[in-house]
Each structure stands twice: as structure tokens, then as C-alpha cells.
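A quick write-up on the structure given underneath.
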Amino acid sequence: MKHQLPKGFLVSTGSAGIKRPGRADIALIYSESDAACAGVFTQNRLKGNPVKLDIERVRSGKGRAIVANSGNANVANGPRGLADAKEMARIPARILGVPEELVYVCSTGVIGAAMPMEKIRPELKSVALRPGAATLEDAAQAIMTTDKFPKMSSRTITVGGKRARITAIAKGAGMIHPNMATMLCFILSDINIGSGLLDTSLRSAAGKSFNRLTVDGDTSTSDTILILANGLCGNPALKAGTREFEMFSAALDAITLELARMIASDGEGASKAIEVVIKGAASEKDALAAAYAVAKSPLVKTAVYGNDANWGRIMAAIGYSGAEMEENKVDIWIERLKIVGKGVSKGKDKEASALMRSKKMLTITADLYLGSASERVITCDLTEEYIKINAEYRT
């Protein structure tokens, strides 16, 4: 599927050789007019310098450009790191003729290494001088680190008689856990919407997707979602409580969930993405606790990798999650195959294992029959390749 940029957005990329020569590692996204802006950021107390900068700038509710690099996260670099982040915004701002405070900076890669600004400065100047020279997929590739494939999603909706486009790119494969997952995500739209409503929609969408995503239980220092909406499709400004606003929010939900699933399927070394669904919990807190316990369990994740329908590991994780549970009420399904009924085996382990071997996206569902609360967490299996990737990350 070809994903098109919304009206008024231009992309360019460059290769500064930050970590490896010969691959694109800088991306610039530029809106030809002022855009409403909102953002969601990591809750790790160790925040990257670009995150610190963006948290301050997003309070204005406005933006014109995003500059991102891969290969270096610009974290734990002292005062120099913040100065480098500001310079990365200043360079394109001067060339493009836009206010520096409306340029957002995102960096992903190695923590604790100084930014090689001597390489970045000339390449960033070159990138800023040729807006529109690259495609959306080029930008998605430029922000990748251990990702195996670029992640893109888009939707088109009709509001006020105008066709509005919402398009997004993301990166993420490892160091994935709320709040948020280790990722960068840039969402662009030509819809006319105020920054307040934009923020409301973004936080809601992130809460149902990226904040329900875990690969390895590590929360990154650099997690950032930024959304820019420049209004160039020409619709009347969206208003809260209207059908048009609900359409926009639904489209944003669909995009972020699709990207979250892509990240899970691209989890470092993963062979399968997994959705863990807990139903019938006594409370939403219990449902989420149980879902995360199953999704984070190395024993469950390795069993899935081995196509072993080891439901005992699932039951055990629910049991230690802290959620209210009555053993003799629990039912468990692999996809639509019921393998546990009222807390005991249905004798379907071999059939379930065969089903698991045929799936790249697997759903595990447990019903606790104690209430009406339900939650979903997206994750992936755990393989030998995860260890190899992370053991060699800095080499």
C-alpha cells in the first residue's frame, strides 16, 4: 500500500554516518504552513535531551518541522547534549525561515555517546536545503535502528465535504515497554483541528495502542509521538462532540494500533506477534495487570516461540499478577481454540501447537468470569536472536 503525504508536508533525508556510513540516518519533515501540534513522551526519569526540548516546545501547541536522527539517542550527555539538540533545530529553522521554537528534534540509538555534530551539521544543512526530495518511506527508513522494516500507516476521512489525510511513520523493535514503548512516531495530517483537541485524541489513541505494547519490559529514554495538523485540506475546524471529531479520533486510533502491531511483529528477534486479551476481570486494573503479566512472562514468550501451547504458564502468570482470580472459573483460548475450561485442560495441546505454528500473529485470550472488565496488551515471543542483537548493539 502506498502511503501519501498530506497536503503541505515535505520530506527530505540524508546520511551523516552517525553509526554506520552509507545509510540514511537523518530525516526532516516540514510543513509549509503553521500546524497544530501535540506530543506524548516517555515517562522514564532519564529523558533524552531532544525529549526535554520537545516537552517545552509542545506547550505552544504549534509546530512547523521535525528533525530526527538514528544511531545516537543524545541521552546523558550533560549540558552539551541539550545544546546539540537545540542546534539540530536551529540549523533547519534558519534555512527554512521558520521560528526555531517550532522545530522539534528526535534522536534514537545508543545512550551515553556524544552526538557527532561535526558529521551532522553539514548533512542537516543539505537536508534542509532540499525539502521534498525524499518520500515518506525514505523518512521511515532513516529513523530505523534495529528495525527490520519501515512502519507506515494512513487513513483518509471526509470532513466538512473535504478529504483529509492522516499519515504516520514509526520506528521501534526493542527496549519496548510503556510508558511509552521505545519508539518514535510522527503523525501528519492536513485536517483543521485545534491543538487542544489534537492532544486529547493523541493521548487517547496512545493509551489504547503504544501504552498497551511491550516487547522486553524496558522503557526507553527517547520515546516520542508528535502529531502535526496544518489544516490545508480546508475543512471547518473540528469541534468536540461532533461526528467529524469522532471520525478523526477513530482513524487516529486505527493508525496507532496498526503501528503498535507492526512494532510487536518487528520485536527484536521475534518470530511472532502476540495479543493477550483478558476478559471478565473484576476491574480494569485487574484486567491490565493480568494481561501484562502474561505478555511480559519470559516463560510464556519462549513457549510461544517454541509453538508449545503451555497453558500452565499462562495460568501461573495470571495467578501472580495480583488480579483477582478463581482457578476453577478460568477459560483460555489460543486463537479460537479453547484449551482450558473451568481451570483444567481440554486436551487440545497438540492441536493448539499446530495452530501456533501456522500463525505470525497469535491471540491468547483468558476469561476470568469475575466481572465485565477487559484489556488487551500487544507483545511478541522471545528468541535467541533477541540476545544476539542486544549483546552486539554497540559493536
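The values are calculated or read from the model by the stated rules, or taken from the named source; none is laboratory data. Because the structure is predicted, anything quoted here is derived from the model rather than measured. Here the Cβ positions follow ideal geometry from the backbone for every residue, glycine too, while neighbour counts run over all protein chains shown.
Could you list, in sequence order, the residues of region 50-83 that are part of a helix (DSSP H, G or I) and either in contact (Cβ under 8 Å) with a residue 24 or more places away in the chain or closer than 25 Å to Gly132 by Cβ (or both)?
Those that are part of a helix (DSSP H, G or I) and either in contact (Cβ under 8 Å) with a residue 24 or more places away in the chain or closer than 25 Å to Gly132 by Cβ (or both): Pro50, Val51, Lys52, Leu53, Asp54, Arg57, Val58, Ser60, Arg80, Gly81, Leu82.
Can you tell me which of (1) under 21 Å from Gly132 (Cβ atoms); (2) part of a loop (DSSP other than H, G, I, E, B) is the one Leu46 doesn't meet?
Single failed check for Leu46: (1).
Within region 47-69, can one find any residue that is polar (S, T, N, Q) and in contact with a Lys or Arg (Cβ under 8 Å, 6 or more places away or on another chain)?
no
From Lys388, Lys359, Lys350, grab the single residue that is in contact (Cβ under 8 Å) with a residue 60 or more places away in the chain and either in a helix (DSSP H, G or I) or exposed (fewer than 14 other Cβ atoms within 10 Å of the Cβ) (or both).
Within the list Lys388, Lys359, Lys350, the selection yields Lys388.
Take Asp34 and tell me if it is surrounded by 24 or more Cβ atoms within 10 Å (Cβ to Cβ) and not hydrophobic (A, V, I, L, M, F, W, C).
no
Kindly indicate which of Thr224, Thr256 is among the polar types (S, T, N, Q), modelled with pLDDT of 95 or more and within 20 Å of Thr42 (Cβ to Cβ).
One residue alone meets the criteria, Thr256.
Evaluate region 62-74: report whether one residue or more is within 14 Å of Thr221 (Cα to Cα), touching a strand residue (DSSP E or B) at 6+ places or on another chain (Cβ under 6 Å), crowded, with 16+ Cβ neighbours inside 10 Å and aliphatic (A, V, I, L, M).
Within region 62-74, one or more residues are within 14 Å of Thr221 (Cα to Cα), touching a strand residue (DSSP E or B) at 6+ places or on another chain (Cβ under 6 Å), crowded, with 16+ Cβ neighbours inside 10 Å and aliphatic (A, V, I, L, M).
Six or more apart or on different chains, Cβ atoms under 8 Å: show the pairs whose first residue is in region 93-107 and in the same structural domain as Gly48 (by TED's automatic domain parsing) and whose second is of a type in the set (Phe, Trp, Tyr) and crowded, with 24+ Cβ neighbours inside 10 Å.
Pairs that qualify, where the first residue is in the same structural domain as Gly48 (by TED's automatic domain parsing) and the partner is of a type in the set (Phe, Trp, Tyr) and crowded, with 24+ Cβ neighbours inside 10 Å, are Cys106/Phe186.
Just checking, which of Ala251, Ala260, Ala281 is buried (at least 20 other Cβ atoms within 10 Å of the Cβ) and either outside the structural domain of Phe149 (by TED's automatic domain parsing) or without any contact (Cβ under 8 Å) to a residue 12 or more places away in the chain (or both)? Explain how you work it out, then say what you get.
Values: Ala251 fails: either outside the structural domain of Phe149 (by TED's automatic domain parsing) or without any contact (Cβ under 8 Å) to a residue 12 or more places away in the chain (or both); Ala260 fails: either outside the structural domain of Phe149 (by TED's automatic domain parsing) or without any contact (Cβ under 8 Å) to a residue 12 or more places away in the chain (or both).
Only one candidate passes the filter, namely Ala281.
Give the residue that is surrounded by the fewest Cβ atoms within 10 Å (Cβ to Cβ), with candidates limited to residues of region 75-98 that are of a type in the set (Val, Ile, Thr) and more than 24 Å from the chain's Cα centre (by Cα).
Filtering first and then ranking leaves Ile95.
Checking Leu355 against (1) closer than 25 Å to Ser265 by Cβ; (2) touching a helix residue (DSSP H, G or I) at 6+ places or on another chain (Cβ under 9 Å): exactly one of these is not met. Which one?
Failing condition for Leu355: (2).
What's the number of the condition Lys2 fails, among (1) outside the structural domain of Pro116 (by TED's automatic domain parsing); (2) in contact with a Leu (Cβ under 6 Å, 6 or more places away or on another chain)?
Of everything listed in (1) outside the structural domain of Pro116 (by TED's automatic domain parsing); (2) in contact with a Leu (Cβ under 6 Å, 6 or more places away or on another chain), Lys2 misses just condition (2).
Just to check your reading of the model, which residue among Ala366, Ala293, Ala303, Ala354 is in contact with a strand residue (DSSP E or B) (Cβ under 7 Å, 6 or more places away or on another chain) and among the small types (Gly, Ala, Ser)?
Sole residue among the options that is in contact with a strand residue (DSSP E or B) (Cβ under 7 Å, 6 or more places away or on another chain) and among the small types (Gly, Ala, Ser): Ala366.
Within region 43-53, is even one residue within 22 Å of Gly172 (Cα to Cα), modelled with pLDDT of 95 or more and aliphatic (A, V, I, L, M)?
yes
Given region 200-313, what helices (runs of 4 or more DSSP H) lie entirely inside it while holding 3 or more residues that are over 30 Å from Ala164 (Cα atoms)?
Working: elements: 243-265, 284-296, 298-305.
In region 200-313, 284-296, 298-305 are the helices (runs of 4 or more DSSP H) which contain 3 or more residues that are over 30 Å from Ala164 (Cα atoms).
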